[in-house]
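I'd like to ask some things about the structure below.
None of the figures in this text is laboratory data; all of them are computed from the coordinates on show. Quick caveat: nothing in here was measured; it's all calculated off a predicted structure.
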Amino acid sequence: MLYDFLTGNEFKMQLEAIIDGFKGLQDSYQDEKLKMQKIWKEREKQLEKVLLNTVHFYGSIKGIAGSSVPDIKLLEGNEKSLNE
C-alpha cells in the first residue's frame, strides 16, 4: 500500500502542492525583503541629508556668531557619533 501511494498520482500532487506553497512563501519573502531594503535606503539617505544640513546650519551660525554660540558636541565634527 505504501509503495502504491508513493508511486501514485495523489502523492505527487500533494508534494507539488507543498512545494508550490513553499515557493509562494519564498517569492513573497524575497519581494518584501527587497521593498524593505529600498525603504531603509531611502530613510538612510533622508537621515544623512537632515544631519548634513543641520551640521551646515550650525557651522554657518558658528561662523557668524563665533564663540558666542554654545558648542554642541554632536555637531563639532564627530561624524562617527552622528552616523551611529
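Under 21 Å Cα-Cα from LYS41, which lysines qualify once same-chain neighbours fewer than 8 residues away are excluded?
Reachable lysines: LYS33, LYS49, LYS80.
Cross-link candidates for LYS62: which aspartates and glutamates have Cα within less than 17 Å, leaving aside residues fewer than 8 places away along the same chain?
ASP71, GLU76
Quick one: 3J(HN,Hα) in Hz for segment 31-48, Karplus 6.51/-1.76/1.60 with θ = phi - 60°, rounded, Gly and Pro as x.
4, 5, 4, 5, 5, 5, 4, 5, 4, 5, 5, 4, 5, 4, 5, 5, 4, 4
Can I ask one more? Between (1) 1.00; (2) 1.58; (3) 1.06, which matches Rg/Rh (Cα atoms, Kirkwood Rh) calculated for the structure shown?
Calculated Rg/Rh (Cα atoms, Kirkwood Rh): the matching label is (2).
With runs of 4+ DSSP H residues as the only contributors, calculate the mean residue ellipticity of the chain at 222 nm using -39,500 (n - 2.57) per run, divided by the residue total and rounded to the nearest 500.
Roughly -28000 deg cm²/dmol at 222 nm, from the helical runs in the chain.
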